[in-house]
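The values are calculated or read from the model by the stated rules, or taken from the named source; none is laboratory data. Bear in mind that the values here come from a model prediction, so they are computed numbers and not experimental data. When we count neighbours, we look across all protein chains shown, and the Cβ atoms used for this are built from the backbone with ideal geometry, even at glycine. To get the accessible areas, we keep the full protein, side chains included, count just its heavy atoms, and leave off ligands, DNA and RNA. Shrake-Rupley method; radii C 1.70, N 1.55, O 1.52, S 1.80 Å.
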Amino acid sequence: MSVGKTLPRNDNQITTEAGDVMLYSGNQIVFFYGANSWSYTKIGKVEASSIEELESVLSGSETEVILSIK
């Protein structure tokens, strides 16, 4: 999902896990369902009890995502 502007980033080579939320190229937010190796800035993790729950929550065509900072 494009964020519409470039955000500050601190990219590191990382292997993602299901639920990871990463910033890619400073302007795209990516939610991962599984493992992938690339250079990302980790920005968070989706709390889900299973991969199936994660897929169910994020896969809808009308899904709205609201990010907040704790």
Check: So is SER68 more than 17 Å from MET1 (Cα to Cα) and not β-branched (Val, Ile, Thr) or not?
Finding: no
Note to self: Name the single residue that is nearest to the chain's Cα centre (by Cα) among those in the stretch 15-24 being open to solvent by 50 Å² or more (accessible area, probe 1.4 Å) and not aromatic (Phe, Trp, Tyr).
What the structure shows: GLU17
Margin query: Need pairs with beta-carbon distance below 6 Å; first residue charged (D, E, K, R) and within the stretch 17-41, second surrounded by 17 or more Cβ atoms within 10 Å (Cβ to Cβ) and part of a loop (DSSP other than H, G, I, E, B); sequence gap 6+ or separate chains.
Written below: ASP20/PHE32
Margin query: Which count do you get for residues in the stretch 26-49 that are surrounded by fewer than 15 Cβ atoms within 10 Å (Cβ to Cβ), among the hydroxyl-bearing types (Ser, Thr, Tyr) and farther than 10 Å from ASN10 by Cα?
Written below: 2
Item checked: Subset tally (residues that are open to solvent by 90 Å² or more (accessible area, probe 1.4 Å) and either of a type in the set (Gly, Ala, Ser) or touching a residue at least 24 places away in the same chain (Cβ under 8 Å) (or both)) for the stretch 50-70 -> 3
